[in-house]
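None of the figures in this text is laboratory data; all of them are computed from the coordinates on show. Predicted model, so just to flag it, every value in this text is computed and none were measured. Note that each Cβ is placed from the backbone with ideal geometry, even for glycine, and that neighbours are counted across all protein chains shown.
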Amino acid sequence: LGQDIMNDSLSVVIASNQSAVPVSSAGANVTASSESATPGAGVTTNSTAADMNGFQHVAIFGNTTNTTDQIQCQFSNDNSTFFESQNNFVSRSSSGDFAINIADIAARYVRISQPNTTGGSRALTIITSKK
């Protein structure tokens, strides 16, 4: 027996009491979400945390009219207590576009956070895509 070409192979039937057979389709599933906020002065905006259960890669991108305050990437194992990642810098252009792409993420939850220390309301649009 063993592996052979289709014409020389035997059909196989799974037993009626067979336990579940794991099936995966690496890289086939991508989910995305989008959100917007208009934080006032002195308010910190946190994106909705991306649940990375079953996913390995995340990209978070969008635009902010707050080009003064840094955008932070944060991780959590319980979707409650978040820690700033010192190794994942969110790059931002002078027009306010920002992006971070993290491959092989080990945290269960990931989000971005931006304080607003400016004098007025600012617009923040966040898009999260994971696979």
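Taking amide H atoms as placed 1.01 Å from N in the peptide plane, the amide H of residue 56 lies under 5 Å from those of 131, each 5 or more residues away in sequence or on another chain. Remark: segment 112-123, residue by residue, has Karplus-estimated 3J(HN,Hα) of 10, 9, 9, x, 10, 9, 7, x, x, 5, 10, 9 Hz, where x stands for each Gly or Pro and the curve is 6.51 cos²θ - 1.76 cosθ + 1.60 at θ = phi - 60°.
Note that segment 67-77 has calculated 3J(HN,Hα) couplings of 9, 8, 8, 5, 9, 10, 9, 10, 10, 8, 9 Hz, one per residue in order, obtained from phi through the Karplus relation 6.51 cos²θ - 1.76 cosθ + 1.60 (θ = phi - 60°); glycine and proline are x. Over all other residues within a Cβ to Cβ distance under 10 Å of residue 31, the charged ones net out to +1, with Lys and Arg as +1 and Asp and Glu as -1.
With 10 Å bins beginning at zero, the pair-distance distribution over Cα atoms of segment 38-131 amounts to 17, 51, 28, 5, 0 %. Placing unit charges on each Cβ (+1 for Lys and Arg, -1 for Asp and Glu) gives the chain a dipole about its Cα centre, and among 115, 50, 80 the Cα reaching farthest toward its positive end belongs to 115. Packing here is the average count of other Cβ atoms within 10 Å per residue, and on that basis the peptides 109-118, 66-75, 79-88, 39-48, highest first, run 109-118, 66-75, 39-48, 79-88.
Computed over the chain, relative contact order equals 41 percent, with contacts defined as Cα pairs under 8 Å that lie 6+ residues apart.
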